[in-house]
1. Over the Cα atoms of segment 6-434, what Rg and Dmax result, in angstrom?
2. What is the distance in Å between the Cα centres of segment 1-60 and segment 288-307?
3. Suppose only helical runs count, i.e. DSSP H with n ≥ 4. What mean residue ellipticity at 222 nm does that imply for the chain under -39500 (n - 2.57) per run, divided by all residues and rounded to the nearest 500 deg cm²/dmol?
4. Applying 1/(1 + (r/R0)^6) with R0 = 41 Å to the Cβ-Cβ distance of residue 187 and residue 434, what FRET efficiency is obtained, to the nearest 0.05?
5. What does the extension gain come out to for residue 201 and residue 426, with contour length at 0.36 nm per residue minus their alpha carbon separation?
6. Can you give me the Cα centroid spacing of segment 238-258 and segment 124-161 in angstrom?
7. Per residue Cα convex hull volume for segment 139-184, in cubic angstrom?
8. In percent, what relative contact order does the chain have, based on Cα pairs under 8 Å that are 6 or more apart in sequence?
């Protein structure tokens, strides 16, 4: 019996939103943190994203298989969130004054700060992927059916947008050029994630354990890589392949998005531009999940991709066509951001629901590794690499302390749009070849 009662929806919303707030801080603000605090380069940011992607993938593969073997999700979710919160709290101590007191003046505080951030990011990712990528996502698959998975996935997929809005709004009161602001941020978010982990022990309903599996642990880890499994689940692997390309497009520009708005476009009030776009995109995503339940994957997948493509093209055109500052620039930036965010999150919902629908029953844990490879590892390595290559030779600015920082440019949106167009072409050819009923 699937637990789609009020406790299920409450657990889904609370765990998904809290986890996404933590991921937003990592995916969108760790880049800002090392950029502002330690003058990180585009290569440093790309390395951090790539290292985190590898850590997330290995963790999800190992813990997902273990949760299948034990038939348990709740303990990994709740204990994982507690450890995740503690690891976020640890970032409060990555400061130049703390580094100086520990290592002395002989070392470069900036270099050490970047290295420590990357290392601790991998540690934090281990706990976050244990709790969220492996356990929470397997629990969500276990707790839903094809009849309500689109609605649940729509709710899950809109949480990153709500998380972005919450983080943007919460960060408005902070001067992110000051170390003490980051200390407060890490303390608050770390404590919130920790408390949600404790709450989960009372809120989350565990699904009945799967029957004992004859496979050993390492065989369970490798289960999704078997040729026989691939042949039995071709539609699942096709959806995963498309998910790879989709997330590569996202990772080309997303690590540089906030820096681009603030520094390259000079929009110090980018939060006021992004907030309405995020609210509207969240509503679009929630509603589109129900459309997905009625229309199915084939009829639902193209609209989000077209929205994403349109938003990326508009964001690319803005500085070239409308070089002026002020309201004249902010309106098309708002429209482009709305289209991009709506397409991004609706696309996540469509691909996420299709992957869950195609996942064999009672095997959600062992397939989370493949999902994270498609969502994080391959895109997290290739996407930022493309972005860094596109930004090679980008303009620089001189900071107040005499150091220099690079300025992201709109070419990252054009590169992402090219990948998005490729995905639309691949999906068109795939459905034409399959000629499957809608």
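None of the figures in this text is laboratory data; all of them are computed from the coordinates on show. If you're wondering where the values come from, they're calculated on a predicted model, not measured in any experiment. Backbone-built Cβ (ideal geometry, glycine too); neighbour counts: all protein chains shown.
1. Calculated on Cα positions, Rg and Dmax stand at 21.0, 66 Å.
2. 25
3. After summing the helix terms and dividing by residue count, I get -24000 deg cm²/dmol.
4. 0.20
5. Details: separation 225, 0.36 × 225 = 81.00 nm, distance 4.35 nm.
That pair, residue 201 and residue 426, stretches by 76.7 nm at full extension.
6. 18
7. So the per-residue hull volume is 85 Å³.
8. Details: 670 pairs, mean separation 124.5, N = 438.
Result for the chain is 28 percent.
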